[in-house]
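First comes the structure, then the notes that go with it.
The values are calculated or read from the model by the stated rules, or taken from the named source; none is laboratory data. If you're wondering where the values come from, they're calculated on a predicted model, not measured in any experiment. Note that we place each Cβ from the backbone using ideal geometry, even for glycine, and neighbour counts take in every protein chain shown. What goes into the accessible areas is simple: the full protein's heavy atoms, side chains included, and nothing from ligands, DNA or RNA. Shrake-Rupley method; radii C 1.70, N 1.55, O 1.52, S 1.80 Å.
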Amino acid sequence: MTMSSPTDSATVLAGMYAAEAEYLAAGGPGEAPFDLLAPFFAPDVELHQADALPYGGVWRGHDGMRRFFLAMRETWESFDMVEQEFLATGETAVVLTRVRARARATGRELGFPILQTITVESGRITEVRPFYWDTRAVADACAVPTPGG
């Protein structure tokens with residue numbers, strides 16, 4: 001077990017969220033270079049999203065993260081992190097985020113919490129596991145209704 005100071009993951013996360021804001025302000029996926037975010041993620045990073053979501057599955061490496069951000073842009077017209085609470089202890093951080101979002105396909109707006117566990121090793125994020133309270137509500141907001149359905 002590697003010993004690290006309690007601020008390690010908090011410092012990395014603060015830097016990553018600042019870089020993410022800069023990335024999105026510069027046009028985000030498909031417009032801004034992922035290089036703004038890459039230094040915060042290990043080359044073999046894994047992001048685990050709930051399978052029920054339109055962007056569900058495991059996204060691996062920097063290319064996977066690029067593709068994830070593109071999938072998020074395709075899914076959401078807006079996706080704002082309204083407030084966040086951090087609990088960082090060494091290599092593990094827990095982040096509670098309150099989201100306000102508008103689905104691109106339906107125009108529906110919703111607010112929901114996401115709790116993430118984030119692992120940081122050697123100053124880089126190696127794993128992200130978001131947990132949604134209600135994946136069905138998120139998926140339903142993003143789904144275009146089928147005729148007769």
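Within the assembled protein chains, the solvent-accessible surface assigned to Asp35 is about 110 Å², based on a 1.4 Å probe.
Accessible surface of the chain, 1.4 Å probe: 53 percent of it comes from carbon and sulfur atoms. Here the relative contact order of the stretch 96-135, from alpha carbon pairs under 8 Å that lie six or more residues apart, stands at 32 percent.
When only Cα pairs below 8 angstrom with a gap of at least 6 residues are kept, the chain shows a relative contact order of 25 percent. At a probe radius of 1.4 angstrom, the accessible area of the stretch 42-149 per residue rounds to 55 square angstrom. Projecting the Cα atoms of Gly30, Ala139, Thr89 onto the charge dipole of the stretch 24-149, computed from C-beta unit charges around the Cα centre, puts Ala139 farthest toward the positive end. Taken over the alpha carbons of the stretch 78-149 as equal point scatterers, the Debye sum produces base-10 log I(q)/I(0) values at 0.12, 0.15, 0.19 Å⁻¹ of -0.42, -0.60, -0.81. On the full set of protein chains, 1.4 Å probe, figure out the accessible area of Thr11 and give it in Å² to the nearest 10. My reading of the accessible area for Thr11 is about 90 Å². Ranking of Glu20, Glu127, Glu109 by solvent-accessible surface, largest first: Glu109, Glu127, Glu20 (1.4 Å probe, protein heavy atoms only, all chains present). The shape of the chain can be summarised by an equivalent ellipsoid whose semi-axes, obtained from the alpha carbon gyration tensor, come to 27, 17, 14 Å from longest to shortest.
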